[in-house]
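In what follows, a structure is listed as structure tokens, so that the remarks can point back to it.
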Amino acid sequence: MKSITLKILISFLVIFLQSCKKETKSETSIASGNTVRYAKGFSIQNYNGYSVVTVKNPWPKATQTYTYILKEKNGIIPDSLKQNIIIAVPIKTIVVTSTTHIPSLEMLNEVNSLVGFPHCDYISSDKVRKRIDAKKVKELGNNHDLNTEAILDLQPNVIIGYGIDNKNPTLDNLQKNGLKVMLNGDWNEESGLGKAEWIKFFGALYGKQKLANNIFSKIEKDFLKTIEIAKLAKTTPTILAGDMFEDRWYLPKGTSWGSLLIQQANGNYLWKETSGTGSLSLSFETVFEKAATANVWITSGQFSSLKEMTDANPHYAKFDAFANKNVFSFSGKKGKTGGILYYELAPNRPDIVLKDLVKILHPELLAGYQPFFFEKLK
């Protein structure tokens with residue numbers, strides 16, 4: 001009798017250990033590997049019941065990696081990951097802090113989840129502006145001086161922040177008060193497709209990774225197709241970019257996404273040999289010496305006419321591109337409160353930007369296409 005009882009106990013013990021082993025395996029088994037291909041600043045690893053989002057480069061020369069756990073309903077988080085920020089998904093409410101985050105919410109049909117934003121006047125999206133007008137999106141002040149009390153009242157499921165360095169006491173304070181904060185580094189990506197791929201970051205938060213992947217795949221396909229079209233061009237125009245602001249000329253550095261897009265459109269950007277993802281700050285004389293005879297000038301969003309340019313600086317008229325009226329700007333498309341649509345949407349839609357540039361530089365290659373962001377200044 002004792003022998004039979006012992007055998008039964010051993011059998012139960014074996015079954016119990018096997019079930020525990022299977023449960024442990026299921027907790028850590030990968031449902032799908034990292035689908036992020038172009039973006040250098042984040043990755044997503046999907047497991048059964050949760051995902052691990054790693055943000056690696058939220059600002060230039062960042063040394064710290066940030067790990068976030070997106071927990072699905074009934075998901076079991078391994079003990080080894082519990083020291084990280086854990087966010088229950090799909091989220092229902094969100095605060096974002098950059099206009100570049102807005103298009104992802106719109107493309108994922110999640111505009112109604114936005115409950116707060118710093119400096120709402122910058123937002124151009126018609127759908128979000130309607131929510132702002134209806135008092136459904138709260139004004140939160142400035143990005144680096146957020147209205148902490150207002151955010152604590154909102155109690156969003158997650159706050160998407162960004163920084164130019166590792167100092168953001170407001171975000172730190174919100175975390176200390178129990179709110180979930182995730183950093184987003186889309187602005188620091190070097191390539192157009194790298195920026196656009198951050199829609200997958202938001203897709204993971206809303207439990208819409210498949211939709212996000214499909215949206216990005218369409219952008220990627222159109223983008224790569226346009227690159228192939230640009231290769232058919234028989235000329236490579238020289239390009240000047242930017243303009244003066246407070247006695248300095250600001251234009252993209254050579255490894256920035258703006259510089260890369262010009263090259264992908266088969267244009268010769270005159271500062272392509274410089275390094276960095278931000279902006280160069282040069283004197284007028286330095287720019288004029290190098291770009292006086294440039295074929296095309298792509299300005300910032302400061303000006304909407306050639307007269308506005310010469311009113312601001314008569315010396316602009318000395319450039320060949322200005323004299324030949326080959327000056328283009330994205331200042332024409334603005335939201336109801338003055339926000340420039342390019343700054344909001346362009347990083348998310350490099351396929352459109354690239355098409356615009358190819359049309360500007362090689363109009364014969366895209367017959368019938370009308371640029372969406374850019375227009376020739378008159």
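The values are calculated or read from the model by the stated rules, or taken from the named source; none is laboratory data. Just so it is clear, the structure is predicted and the values come from calculations on it, not from any experiment. Virtual Cβ from ideal backbone geometry, glycine too; neighbours counted across all protein chains shown. Remember, those area values only see protein heavy atoms, side chains included, never the ligands or the DNA or RNA. Shrake-Rupley method; radii C 1.70, N 1.55, O 1.52, S 1.80 Å.
Rolling a 1.4 angstrom probe over the protein chains, ignoring ligands and nucleic acids, what is the accessible area of E110 in square angstrom, nearest 10?
40
GNM, the chain, Cα, under 10 Å: largest mean-square fluctuation among S259, S80, S329?
Evaluated over the chain, the most mobile residue of the options is S80.
Any of K272/K334; K138/K221; K231/K336; K56/K200; K234/K272; K40/K272 with alpha carbons more than 26 Å apart? Name them for me.
From K272/K334; K138/K221; K231/K336; K56/K200; K234/K272; K40/K272, over 26 Å: K272/K334; K138/K221; K231/K336.
Given a 1.4 Å probe and heavy atoms of the protein chains only, how would you sort M309, M107, largest accessible area at the top?
Ranked list, largest accessible area first: M107, M309.
Taking the chain as a Gaussian network, where each spring joins two C-alpha atoms under 10 Å apart, which residue of T67, T97, T337 fluctuates the most?
Result: T337 has the largest fluctuation of those listed.
Per residue, what volume in Å³ does the convex hull of the Cα atoms of segment 135-217 enclose?
For segment 135-217, the hull spanned by Cα atoms encloses 116 Å³ per residue.
What percent of all Cα-Cα pairs in segment 228-378 falls into each 10 Å bin, going from 0 up to the bin containing the maximum distance?
Reading the bins upward from 0: 11, 43, 38, 8, 0.
Hey, if you put +1 on the Cβ of every Lys and Arg and -1 on every Asp and Glu Cβ in segment 208-336, which of L260, W297, W271 ends up farthest toward the positive end of that dipole?
Toward the positive end, the furthest listed residue is L260.
Give me the distance in nm between label points sitting 7 Å out from Cα along the Cα-to-Cβ direction at K210 and I85, one decimal.
2.8
Any chance you could list the semi-axes, whole Å, largest first, of the equivalent ellipsoid that the Cα gyration tensor gives for the chain, using √(5λ)?
48, 24, 18
For every other residue with a beta carbon closer than 13 angstrom to the beta carbon of I85, add +1 if it is Lys or Arg and -1 if Asp or Glu, then tell me the sum.
After counting each charged neighbour, the total is +3.
At 7 Å along Cα-to-Cβ for each site, give me the label-to-label distance between E364 and L152 in nm.
The answer from the label model is 6.6 nm.
From Cα pairs below 8 angstrom and at least 6 apart in sequence, can you work out the relative contact order of the chain, rounded to a whole percent?
Relative contact order here is 15 percent.
Percent antiparallel among DSSP beta bridges with both residues in the chain, to the nearest 5?
55
On a 0 to 90° scale, report how tilted helix 209-230 is relative to the longest principal axis of the chain, with both axes built from alpha carbons and the result rounded to the nearest 10.
30
Once phi is turned into θ = phi - 60°, what whole-Hz ³J(HN,Hα) does the Karplus curve with 6.51, -1.76 and 1.60 give for every residue of segment 298-306, x standing for Gly and Pro?
Along segment 298-306, the couplings run 10, 7, 7, x, 6, 10, 10, 7, 5 Hz.
With a 1.4 Å probe and all protein chains left in place, how much accessible area per residue does the chain have, in Å²?
For the chain, the solvent-accessible area averages 50 Å² per residue.
Which value, in Å² and to the nearest 10, is the accessible area of K167 when all protein chains are kept and the probe is 1.4 Å?
Solvent-accessible area, nearest 10 Å²: 150 Å².
What number comes out for the charge environment of N147, summing +1 per Lys or Arg and -1 per Asp or Glu over other residues with Cβ under 10 Å away?
Local charge sum for N147: -3.
May I ask you to give the percent of accessible area on segment 43-190 that is carbon plus sulfur, with a probe radius of 1.4 Å?
The nonpolar share, carbon plus sulfur, comes to 46 percent.
Nearest 500 deg cm²/dmol is fine: what mean residue ellipticity at 222 nm does the chain get from its DSSP H runs of n ≥ 4 alone, each adding -39,500 (n - 2.57), divided by its residue count?
After summing the helix terms and dividing by the residues of the chain, the value is -10000 deg cm²/dmol.
Not counting ligands, DNA or RNA, and with a 1.4 Å probe, what is R349's accessible surface area in Å² rounded to the nearest 10?
Spelled out: R349, probe radius 1.4 Å, area about 60 Å².
Ordering H315, H101 from largest to smallest accessible area (1.4 angstrom probe), what's the sequence?
H315, H101
In whole percent, how big is the carbon plus sulfur part of the accessible area of segment 227-378, probe 1.4 Å, protein atoms only?
About 52 percent, which is the carbon plus sulfur part of the accessible surface.
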